[in-house]
Structures are given as C-alpha cells and as structure tokens.
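Working notes, structure below.
Each value in this text was obtained by applying a stated rule to the coordinates, not by laboratory testing. From a predicted model like this one, the values you see are computed outputs, not experimental measurements. In this analysis, Cβ positions are derived from the backbone assuming ideal geometry, glycine residues included, and neighbour counts consider all displayed protein chains.
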Amino acid sequence: MDNTMIKVGLIGFGRMGRFYLHEFQRNKNWQVTYICDPFDKAQEMARDYCPTAKVTGNEDDVFNDPDVDVVALCALADSRKSQILKALAHGKHIISEKPIAMLPEDEWELVKAVGESDRLATVNLYLRSSWYHHQLKQFIDEGELGELAIIRICHMTPGLAPGEGHEAEGPSFHDCGMHYCDITRWYAQSEYKTMHSQAIRMWNYKDPWWLQAHGTFDNGIVYDITQGFVYGQMSKDQTHNSYIDLIGTHGIARMTHDFKTATVELRGITKTVTINKPYGGKNIDVMIEKFAQSIRNGKLDMTLPSLRDSAIASQFAWDCLADARTHDLPAIGDLETLEQIRYRRAHMTNGYGLLHQTVSK
Ligand SMILES: NC(=O)c1ccc[n+]([C@@H]2O[C@H](COP(=O)([O-])OP(=O)(O)OC[C@H]3O[C@@H](n4cnc5c(N)ncnc54)[C@H](O)[C@@H]3O)[C@@H](O)[C@H]2O)c1
C-alpha cells in the first residue's frame, strides 16, 4: 500500500470508540470514513465529533464499501465474532477490541480464520503498548534483576460495577483481568502451567467481582494476579491501587500509576533508576501507528498482540473464574449497596470506567 491515508470504519461508538476516533484523528495515516452504532445518542455524537464520516446504524454499510481498508471493532463481545468473519469475507484488515468473542471456542475459531486469511489483525491488549511495561522488560533483558522469578500484578479500582454494562465480556476478572493475564504471560515468556484462584461475590452479586489467581509457568516463574472493580465504590474520594512487582534472583523492578503519571522503579545489580512519565491511557496511538506501518509493510508488527494472544488470555481468565467457583466462594455485602453504587456511578461525570460519558478514566 502506498502512503495514501488508510480508510477505517469504526464500529461501536461508546467509550472506547470515542477514544479510537480521537487517536485516528490525530494520526496522519488514518481517515475515519464510517462510524457505526445503532444507539441514537452515539450517532448524534459521531456526527458532531466527525462531520466528514458517514454515520450509520447498519454495520453492513461499512463492510460492503470496498473503499474501507480497516475496521476497528469497538462494540461489545456479543457482536464481535460475526463482525470479524464479515471483515475477513470483505477483505478488511482488523483492529479488534478484547475479548474477540464471548466464548473460548469461538475465539479459537477466529484465530484459525484469521490465520488462514491474508488479512492483518490485532487486538487492543493495551498494556503491551505501554512505555512502562517495555521499560521494565528492558531492565529484565539487560540482566539487572538476575533471573526473573516472581511476577506480582494488581489492578483494583472503583470501576465498572456488576450489571452496569459489558455483560457480554463476563465478570471483571475476564472483562478487565484478561489484560493482566496477558501481560503476565508476556513477561514470563512462557505458558501458564498451574493455577489456583480465590474470589469473592462482593455485594452478594451472582458473579465474583474480585479475584486473585496464583500459580506457575512452564519455565518455573511464579505469578499472582489480583483484579477487582471493588475498590471503595462508596468512598467520598475514590482512589485505586494498580502496580506490578517483578522480583528476580538479584534485583527488583516495579511500577505504579495514578492514571496520569506512571512511576517505574528499578533496583538492579548495576543501577538504581526511577522514571516518572505520563501514563499514556489506553495507548491506542501506539497501536494504530504500528498497525498503519504493518499495513504499509504488508506484515504485522511482531510487537502487536495477535488474536492468539487474546484467546489465550481470555481462556485463562475464564479458567480462573471457573476454578474460583470450585472453592469456598463467600458473598459479602448486599444488593442494596450495589444499587447505591450503580446509582452513584450513573450520576458521576468523572469516575473510573464510566460508560456513555465523554470524560472518564
Ligand atoms: N482494551 C481496553 O483496554 C478496553 C477498555 C475498555 C473496554 N474495552 C472493550 O471495548 C469494547 C467497548 O467497550 P466500551 O467501554 O466502549 O462500551 P460502551 O458500552 O461504552 O460502548 C459500546 C458501544 O457499542 C455499541 N454497539 C453495541 N452493539 C453494536 C453493534 N452490533 N454494532 C455497532 N455498535 C454496537 C453500543 O451502542 C455502544 O455505543 C468492549 O468489548 C470492551 O470489552 C477494552
């Protein structure tokens, strides 16, 4: 492909769709030619934010237009499988949100279908595009930690509450936790071997909304992953706790962030380093730049996550949830509190992971 702008159709114009539009508009490689969403309010916003794009409620308008090179799939998991298959049938390259389908068997079918096609496809496993994880990995590769032995990762926020949306993506350990399952595997450079999961049904909701998994990789590295959208939902001033701790035979490296600034700290064999840099949000700018170059080169940038990476992370997150259900799974709190949380979030203008809001973390 020459240097002409790459034409992209954006399907799903909710919170993520709007992040994508913002980044496509800032990148000279891309031209958004369609925005598709069946929701009237989303269409109204699409016309307002991108007057040059065709706005439609019918996804086939996007797939049937031969001028569309790429589709960015930002609707929910329940429509993704058919959209990925349609994209392949109509010769479009694919940027997909995660998970790529609702059921693991469908995800594996899609991995196969993309593998058999000549189209390029990636999934927004956004932690892999972050500067801080690349910086930490570089310290490991330089040998500053000795041999990597332990990966501890945690992400707890007062984010999306049960029943508020994203039902198609599963409980929070799948919806959000699959990112942490993926990045842990990325650090270990090995496949998951053993796992034990403990969860809790916060506010007596039917599904767990906090889960901790631990175990080993094939290469002996051990991990623990903690994820929950249960972190002080009703506190007057909300906060979160998000970190990674990488422990080697000789040194350690870690990161924490406040969604504005990320702090990376290294206590290595030859150096001690602290780096503070802007957090970078969902890093969609990095992903779409690499994807544009991939299309121009006719080959997927090896650092972009594949559908296989996504299917593995998704399957593992589901496995953790299934394992947790085989142990004691206590319920603490009541559904009345959950109602209060949903009410509060529905009336917030700036909060963690708010859907259908223009400003949110
Ligand atoms: N990669 C990440 O870090 C990350 C973060 C948050 C959400 N996500 C994923 O992004 C996707 C969207 O999440 P969101 O937070 O923007 O949700 P959202 O509810 O804000 O937006 C979803 C939008 O899709 C629209 N939609 C539903 N079905 C559609 C269809 N068939 N065709 C076109 N549009 C359709 C809805 O009307 C809505 O406007 C989800 O799959 C979610 O898991 C990824």
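Please give every one of the lysines within straight-line cross-link reach of residue 137, meaning a C-alpha to C-alpha distance under 28 Å, and leave out same-chain neighbours fewer than 8 residues apart. Those lysines meeting the cut-off are 98, 193, 260, 271, 277, 282, 290, 299, 361.
Summing charges over all other residues whose Cβ lies under 14 Å from the Cβ of residue 14, with Lys and Arg as +1 and Asp and Glu as -1, gives -4.
Just tell me which lysines come within less than 23 Å, Cα to Cα, of residue 54; anything on the same chain fewer than 8 places away is out. Answer for residue 54, where 23 Å is the Cα cut-off: 7, 28, 41, 86, 92, listed by chain and number.
Applying 0.36 nm per residue to the separation of residue 206 and residue 261 and subtracting their alpha-carbon distance, the gain on full extension is 16.3 nm.
If we count GluC sites (Glu not before Pro) as exposed when they sit in a DSSP loop and have at most 14 other beta carbons within 10 Å, what is the longest stretch of the chain that avoids them all? Counting at most 14 other Cβ atoms within 10 Å as exposed, the longest clean stretch of the chain is 192-361.
Counting every other Cβ atom within 10 Å of each residue's Cβ, 234, 195, 156 order from fewest to most as 234, 195, 156. Structural size metrics of the stretch 96-137, computed from C-alpha coordinates, are Rg and Dmax of 13.1, 35 Å.
Helices in the chain, meaning DSSP H runs of at least 4 residues, each add -39500 (n - 2.57). Divided by all residues, the mean residue ellipticity at 222 nm is -10500 deg cm²/dmol. Between the stretch 1-47 and the stretch 177-234, the alpha-carbon centres lie 33 Å apart.
Given in Å, the Rg to one decimal and the Dmax to the nearest whole number for the Cα atoms of the stretch 6-119 are 13.4, 39. Spatially, the stretch 75-111 and the stretch 131-163 are offset by 28 Å when compared through their Cα centroids. If one puts a single equal scatterer on every Cα of the stretch 91-229 and applies the Debye formula without solvent, what log₁₀ I(q)/I(0) results at q = 0.16, 0.18 Å⁻¹? Debye intensities relative to I(0), on a log10 scale: -1.00, -1.18. Computed over the chain, the P(r) curve from all C-alpha pair distances, binned at 10 Å from the origin, holds 5, 23, 33, 27, 11, 1 percent per bin. Using only side-chain charges placed at the Cβ, +1 for Lys and Arg and -1 for Asp and Glu, the dipole size of the chain relative to its Cα centre rounds to 860 debye. Normalising the average separation of contacting C-alpha pairs (under 8 angstrom, six or more residues apart) by the number of residues puts the relative contact order of the chain at 19 percent. The average projected area of the stretch 220-276, computed from the convex hull of its Cα atoms over all directions, is 5.3 nm².
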